[in-house]
Amino acid sequence: MILKGYILIYGYLLLILGISSICSKVFKLRTIFTKKFIHISTSFCYVIMYYYFGTSIHIIIPPISFIIINILSYKFGLFKAMEDGSGNLGTIYYPISVFIMALITHFVPGFYPAFGIGLFCMAFGDGFAPLVSGFLRSRKIYSNKTVSGTATVFGFSLMGILIFNYIFKLEFSVFEMFVVSIVSALLELFDKKGLDNLFVPLGVSLLVYLLEVV
């Protein structure tokens with residue numbers, strides 16, 4: 001079962017990278033689209049890890065390998081579909097945040113739902129925000145952040161919390177779900193060099209866990 005989990009995770013990752021590469025080279029899709037496709041799709045590795053690895057030590061292995069792969073890709077341009085040459089370190093911070101949450105989950109099993117919520121808020125919220133703001137022009141509220149982009153982060157975060165609230169029977173109140181979604185949207189504003197890929201998942205997951213245990 002463990003071996004099958006690894007095969008599915010790395011096979012799925014290769015599939016994502018392959019699709020992104022084809023879209024980039026054959027269909028001349030802009031890097032922003034292929035990069036965000038990878039950003040969003042990779043988050044579903046959580047489902048595979050949850051089902052096949054549980055809270056075993058194996059949940060930290062894929063994030064560690066992704067950190068190494070993404071650093072090599074950033075330095076040597078191995079995967080053009082996720083490197084835009086902007087110097088943004090988001091692709092490296094992403095697996096680092098996943099590693100930290102997975103490590104906490106290994107030692108604190110009850111952190112698993114918070115891990116998932118933090119991850120999906122970042123993956124979908126931050127993933128769709130620039131795409132939506134690119135189509136729906138709106139007023140900037142901070143740096144390059146727009147009203148439409150921030151609203152997108154809030155909306156996807158709320159959707160993610162609703163789904164996890166139902167699946168894991170977390171019993172969050174509507175007020176608590178709105179608070180977490182607002183915090184997610186606010187944390188995403190601070191994305192200097194991709195730091196939002198650290199701030200959003202770690203901040204949201206810690207807040208969710210505190211709301212669970214308090």
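The values are calculated or read from the model by the stated rules, or taken from the named source; none is laboratory data. Note that the structure is predicted; figures quoted are calculated from it, not measured. Ideal geometry is used to build each Cβ from the backbone, glycine not excepted, and the neighbour counts take in all protein chains shown. Ligands, DNA and RNA are excluded from the accessible area calculation, which covers all protein heavy atoms including side chains. Shrake-Rupley method; radii C 1.70, N 1.55, O 1.52, S 1.80 Å.
The HN-Hα couplings worked out from phi for the range 136-141 by the Karplus form 6.51 cos²θ - 1.76 cosθ + 1.60 (θ = phi - 60°) are 10, 5, 8, 5, 6, 10 Hz, whole numbers, x standing for Gly and Pro.
So what's the net charge close to SER43: Lys and Arg +1, Asp and Glu -1, counting the other residues with Cβ under 13 Å from its Cβ? Net charge around SER43: 0.
Ellipsoid semi-axes for the chain, based on the Cα gyration tensor and the rule √(5λ), read 25, 24, 14 Å when sorted largest first. Overall, the chain carries a charge dipole of about 800 debye about its Cα centre when +1 sits on the Cβ of Lys and Arg and -1 on the Cβ of Asp and Glu, all other atoms neutral. With the simple model of a label 7 Å out from the Cα in the direction of the Cβ, LYS192 to PHE168 spans 3.1 nm.
Straight-line cross-link reach from LYS35 at under 22 Å between alpha-carbon atoms covers these lysines, not counting any fewer than eight positions away in the same chain: LYS25, LYS75, LYS80, LYS145, LYS192, LYS193.
Counted by Cβ distance under 10 Å from LEU89, the other residues give a net charge of +2, where Lys and Arg count +1 and Asp and Glu count -1. The relative contact order of the range 1-75 comes to 39 percent, based on Cα pairs under 8 Å that sit 6 or more residues apart.
Amide H neighbours of THR146 under 5 Å, counting only residues 5+ apart in sequence or on other chains, H built in-plane at 1.01 Å? Amide H neighbours of THR146, under 5 Å, 5+ apart: ILE141. Relative contact order for the range 29-140: 38 percent, from Cα pairs under 8 Å spaced at least 6 residues apart, divided by residue count. Using the Cβ-Cβ distance between TYR10 and SER143 with R0 set to 41 Å, the FRET efficiency works out to roughly 0.70. Considering only GLY194, MET177, PHE154, whose Cα is most displaced toward the positive end of the charge dipole of the range 152-213, charges sitting on Cβ of Lys, Arg (+1) and Asp, Glu (-1)? Of the options given, the answer is GLY194.
When the Cα gyration tensor is reduced to axis lengths a ≥ b ≥ c, the ratio a/c is 1.5 or higher for the range 83-128, and with a/b not above b/c it is classed as oblate. Were the residues from LEU131 through LEU72 laid out at 0.36 nm apart, the gain over their Cα-Cα distance would be 18.6 nm.
Normalising by residue count, the range 1-119 has a Cα convex hull of 91 Å³ per residue. Report, in order of residue number, the helices in the chain meeting two criteria: a C-alpha extent of 27 Å or more along the helix axis, and a mean Kyte-Doolittle hydropathy of at least -1.0; treat each whole DSSP H run as one helix. Helices meeting the criterion: 2-25, 147-167.
Each of LEU89, VAL214, ILE167 was placed along the dipole of the chain (beta-carbon charges, centred on the mean Cα), and the one lying farthest toward the positive end is LEU89. Give me the net charge of ALA185's neighbourhood, meaning all other residues with Cβ under 14 Å from the Cβ of ALA185; Lys, Arg count +1, Asp, Glu -1. Cβ neighbours under 14 Å give a net charge of -3.
Given R0 = 25 Å, the distance between the Cβ atoms of ASP84 and ALA151 translates into a calculated FRET efficiency of 0.55. Average accessible surface for the chain: 50 Å² per residue, computed with a 1.4 Å probe over protein heavy atoms with every protein chain in place.
Can you list which of the GluC sites (Glu not before Pro) found in the range 88-197 are DSSP loop residues with at most 14 other C-beta atoms within 10 Å? Sparse-neighbourhood loop GluC sites (Glu not before Pro): GLU171. Counting 0.36 nm for each residue step from VAL179 to PHE44 and taking away their Cα separation leaves a gain of 46.2 nm. Of the residues VAL183, VAL98, the one with the largest accessible area comes first in the ranking VAL183, VAL98, computed with a 1.4 Å probe on protein heavy atoms.
Using a probe of 1.4 Å on the protein chains alone, the accessible area found for THR91 is around 20 Å². The share of accessible area on the chain that comes from carbon and sulfur is 74 percent, using a 1.4 angstrom probe. With all protein chains in place and ligands, DNA and RNA left out, the 1.4 Å accessible area ranks LEU78, LEU103 as LEU78, LEU103, largest first.
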